[in-house]
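Heads up: the structure comes next, in C-alpha cells.
The values are calculated or read from the model by the stated rules, or taken from the named source; none is laboratory data. As the structure is a prediction and not an experimental result, all values here were calculated from the model. Quick reminder, even Gly has a Cβ in these numbers, built from the backbone with ideal geometry, and neighbours come from all protein chains shown.
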Amino acid sequence: MKRYHPSAEPPPFIQPRRNTVSEPSTQQVSAKPPPMLNHWGPHGWPRIKAHKSRTIGALQSLRSGALLSEELLRITSGLNVTAGFAELFSGVLSPLHYCVPAAEDGQRCVSFSEDRATEQGHLLYGSATIGTRDQRPFVHSHLHWTDASGRLLAGHIWPETVVGSPAPVAAVFGLLDVDWTSLDDPETSMPTFEPSRSLTKEPLMTDQHSSATVARVLPNQDITEAVLTVSREAGYTKAVVRAGLGSLIGATLTDQRTGEVRYVTGPGTEVITLTGFVRMGAEGLETQLTTTLVDRNGQVHSGLLVPGKNPVAVTFELTIQTAL
C-alpha cells in the first residue's frame, strides 16, 4: 500500500512532519463557532458532487499481522469492485500510526500534524473510503480507539497500521456504479477523493442490490445541509448516513445530556464518524446527525451536530444509504 512518506520524497501538499509523539495535548472548547476558510486555490464546482450506486456488502474479520489498508482492499477486491466504503468495529491494531489536523503551514490553510503512534490501539469504531490513486488501490481511514492506559484517541490513519489480535471486524460495501479517485485538489492543495460514474453495462438499479448515494462535499458547505440536499436529489425519504469521514472547520455540537451547545476550535477537525438518519417530517425532509471528531490538539469530541453551523474544512466523503 503506497504512502506519501517523507523518506520517499512526497509531494509537498501532503508532506507531514516525521517527529513521532504519543501524548495528545489538551485544548479548551471555544466559546464561538468557527469562521469560514478562505483556501488559496481556485474554487471547485459543483460544491457537492454526488452519484447513486448499487452496493454489495461483506462482513469479515480482518487477518492479524496484515496491514489494515491491505485487508480492506482484499475484501473490496473479493466483491469484484474497486471502490466502496467501510465501517470498522472492535479488535486491536498494533502498531497504529496516525496524525491529527494542524494549522496553516505556508502552503495551505490546514495541514497534518507530526506522525503519532500507539503501540496497541483498542478500536472503538472507524470509517474508510476505498478507491484508487495514481491507478493503484488507495484507502482513506479515520478511527478512534483507546490505548493501553485507557486514553481515548483518534485520527487519520497511515498505511503502516497493522491488524492486531483479536482482529477488528469490517463491514465493507462495494460500489457497483461509482468510482472513488484520490486526486490533488487545486482549491485546498490537499489529496481528496472524487466520486465519478463508473462504466457499467448493467442497469443502474436491480432488485438484487441496495442503493446508496456517495458524495464529496467541498469546503465551507454545511454538512447537515449537504446531507439534506443529497438525499432530496436522490429521492430518498428514509435513509441512514453511515461511514462518513472528512473534516470540519471546527464544530458546533449539542450535548445530549445537558442540551448545552459547545464549540470546538479549528481551523480543522478530523471527523471520525458521521452517522444519523434522514426521514420525511411534518415540514419536509429532516435529519439528525451524530459525530465524533478530533481537534488539532488530539482532543476527542462527540455530540449532535447543530444544523447550519458545521461547514466542511477541506473535504467530506459522504455516504447515504436507503432504509426501506
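Remarks
- Test: T224 is more than 25 Å from L59 (Cα to Cα) and without any contact (Cβ under 8 Å) to a residue 12 or more places away in the chain: no
- Residues of region 146-180 classified as in a loop (DSSP other than H, G, I, E, B) and either on the phi > 0 side of the Ramachandran plot or of a type outside the set (A, V, I, L, M, F, W, C) (or both), total: 12
- Filtering region 63-106 to residues that are within 26 Å of P195 (Cβ to Cβ) and among the aliphatic types (A, V, I, L, M) leaves L67, L68, L72, L73, I75, L79, V81, A83, A86, L88, V100.
- Across region 120-144, the qualifying residues are those that are assigned to a loop (DSSP other than H, G, I, E, B) and in contact (Cβ under 8 Å) with a residue 40 or more places away in the chain, and the one among them that is nearest to the chain's Cα centre (by Cα) is D134.
Per-residue answers, yes or no, for (1) modelled with pLDDT of 95 or more; (2) of a type in the set (A, V, I, L, M); (3) in contact with a Leu (Cβ under 9 Å, 6 or more places away or on another chain):
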position	(1), (2), (3)
Y125	yes, no, yes
T129	yes, no, yes
F138	yes, no, yes
S141	yes, no, yes
W145	yes, no, yes
G150	yes, no, no
A154	yes, yes, yes
P159	yes, no, yes
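- Residue check for T275: assigned to a strand (DSSP E or B) and either at pLDDT 95 or above or under 19 Å from L152 (Cα atoms) (or both): yes
- If you go through region 56-76 and keep only what is part of a helix (DSSP H, G or I), among the polar types (S, T, N, Q) and under 12 Å from V172 (Cβ atoms), you end up with just T76.
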